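Undergrad: Sharing a structure here in structure tokens format.
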Amino acid sequence: MPKARMSGKVTVMFDSTDDFSVARAAWRLHAPLLGRIIVDPTPSVHSTAALAHDVLAALGKPPHRIATEGISSDRQSWRAAAAWILGERIQQLIVLRAHLQSPDRWLKMIELQRVTAIHMVLICHSRSLPPAIEEILATGENQRVTCGLESALEPVADLERHDGWQESGQAAPSELPSLPSSEFTRFRADAYRQLSNDEFSAVDVEYGRGIDAACAWLASHIGYRADTPPTYSIRSVVAPFLLPVDLERSAATLAKMYSDAQLEGLAEGLWCLGRKRPTSDRYPYPWDDEGGLQVFLTDLVADSSSQRHTLARVRGAQAGFLLHGLLLHALPDLSTSGPGVGGPSFTPAMAARIRTRIAHPQRAAALATALFTHANHDSLARILISQLRPDATSLQMPLRDRVVSYAVPAPARGLLRAAQHFAGLRISSESTGNPWQLLGPGTGSLGDLLQEDAAICSVVLPARLDGHSEEPWHCMASCWWVADPLHGPEPNDCASQTLKKPL
């Protein structure tokens, strides 16, 4: 995410000599990956909707799909433009030939800036503006006028590439041989005995990734710390997607109002939770963060390149959990469905195709979510806006009588953020349909839109095989405290580099 998002404002730049070099220099700055886009309004077209289409085109959306996907109207196209800007974290928008735009178009651009808090630079190749536009600017706030392109722009904070816009550049993982079907306690030893040295080394890389991921996750998990405050006991009575800072503020407020004993009693009375970690003579007892465990498991296999890579990572994670006193039951075999086993992982290449071939934010996000969750259209349509974290790192999905959690792969996060903003903007202006749906309008009543968009983007939707459970493997995982931890509380106390080859 951006290291520091700039405060939104409007900058009007005058190029009184209509110097072509100014436009050429502006075009060289077009870099959506770095948070800056250039909009060149289509000549001889004056509708405000057409200008929104130009913004969508600058964002890389296919112009010929705008009408087909039902976002060609003035309201829908501007809402889509704002959603994509917010979802993909665009920070600067430069508009060429702004002096030729009508007052209505200026009002739309000013409104877009207000909604997105983007830094908007309007380049006017003239000496002055019509009185009507001057009046519009006079009523605005946080605006400035300049005469040089360099002075009109501010440095754009570089994105930290967490959203997976580009391939990692790392070599593709090697193919793995057939793996042992044994439980995790024997998996590594059996692999060592059955495989050649090179084959075992390749498997051990993935196994080690699982151990490292498990150790890092547990070491940072509040439920694992020995000094867990009593206020943590009531976390289940608050919204599940509150940011850590909000949880800490809530905990601090409750700590002032109640004693430790009262807090524990409150949690136990409401949810049968809140008891402190039992001593060793009371083992076993369950790990109580089921949703967090599901997010961890799906994040672990989000970029897995095959079922065998997934199996090796999960077996390594099970070993890592046991080193921390936890017995993790997960993925007994590969005859199941869900992330990492039912099809290819969601890659930056897939995200790029969706981003440039689908214009509707909810249709793009629905296709991406179908690919990384392997869920059907009914399940996708039931996801609510509130079930996606604000940072789009995880989401919850209603599945029959329960709610299942998923990690959102980095390449898909911008797509889901855009859908969340698009749906949120709809709620503020319309009440038709079910405005609380995150992806519903993008799936189609029978999943027909998903099928159509998958064909457009040259991706194959995961198919459930006959006889497979409808429940994904990660939601059937369970975890129990069974012993005192062998590893320390810090992630580097249990690095996989300390593994020795089995005897």
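Undergrad: Looking at region 114-129, which of the residues that are over 12 Å from Val10 (Cα atoms) and small (Gly, Ala, Ser) is surrounded by the fewest Cβ atoms within 10 Å (Cβ to Cβ)?
TA: Taking the candidates together, the pick is Ser128.
Undergrad: Leu86: modelled with pLDDT of 95 or more and under 18 Å from His119 (Cβ atoms), yes or no?
TA: In short, yes.
Undergrad: Take His99 and decide whether it is assigned to a helix (DSSP H, G or I), touching a Cys at 6+ places or on another chain (Cβ under 7 Å) and closer than 27 Å to Val22 by Cβ.
TA: Taking the combined requirement at face value, the residue satisfies it.
Undergrad: I would also like to ask the following. For a quick check of your reading of the model, give me the residue pairs whose first member lies in region 45-68 and is loosely packed, with under 15 Cβ neighbours inside 10 Å, whose second is of a type in the set (A, V, I, L, M, F, W, C) and in a helix (DSSP H, G or I), with beta-carbon atoms closer than 9 Å and at least 6 apart or on different chains.
TA: Val45/Leu51; Pro63/Leu56; Pro63/Ala57
Undergrad: With respect to the numbered conditions (1) in contact (Cβ under 8 Å) with a residue 60 or more places away in the chain; (2) surrounded by fewer than 24 Cβ atoms within 10 Å (Cβ to Cβ), which one is the sole condition not fulfilled by Trp84?
TA: (2)
Undergrad: Check Tyr283 against each of (1) over 30 Å from Glu199 (Cβ atoms); (2) crowded, with 18+ Cβ neighbours inside 10 Å and name the one condition it does not meet.
TA: Unmet for Tyr283, out of (1) over 30 Å from Glu199 (Cβ atoms); (2) crowded, with 18+ Cβ neighbours inside 10 Å: (2).
To keep it simple, each residue is scored yes or no on (1) at pLDDT below 90; (2) in a strand (DSSP E or B); (3) over 15 Å from Arg97 (Cα atoms).
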residue	(1), (2), (3)
Ser16	yes, no, no
Ser44	yes, no, no
Leu51	no, no, no
Ala57	no, no, yes
Gly70	no, no, yes
Arg79	no, no, yes
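Undergrad: Any idea which of (1) closer than 18 Å to Leu86 by Cβ; (2) at pLDDT 95 or above is the one Leu33 doesn't satisfy?
TA: With respect to (1) closer than 18 Å to Leu86 by Cβ; (2) at pLDDT 95 or above, Leu33 is out only on (2).
Undergrad: Further question: List the helices (runs of 4 or more DSSP H) inside region 342-411, counting only whole elements, that have at least 1 residues being surrounded by fewer than 22 Cβ atoms within 10 Å (Cβ to Cβ).
TA: Where helices (runs of 4 or more DSSP H) fall fully within region 342-411 and carry at least 1 residues being surrounded by fewer than 22 Cβ atoms within 10 Å (Cβ to Cβ), they are 348-357, 377-381.
The values are calculated or read from the model by the stated rules, or taken from the named source; none is laboratory data. This structure is a prediction, so every number in the text was calculated from the model and none was measured. Because the Cβ atoms are built from the backbone with ideal geometry, glycine has one as well, and the counts that use them run over all protein chains shown.
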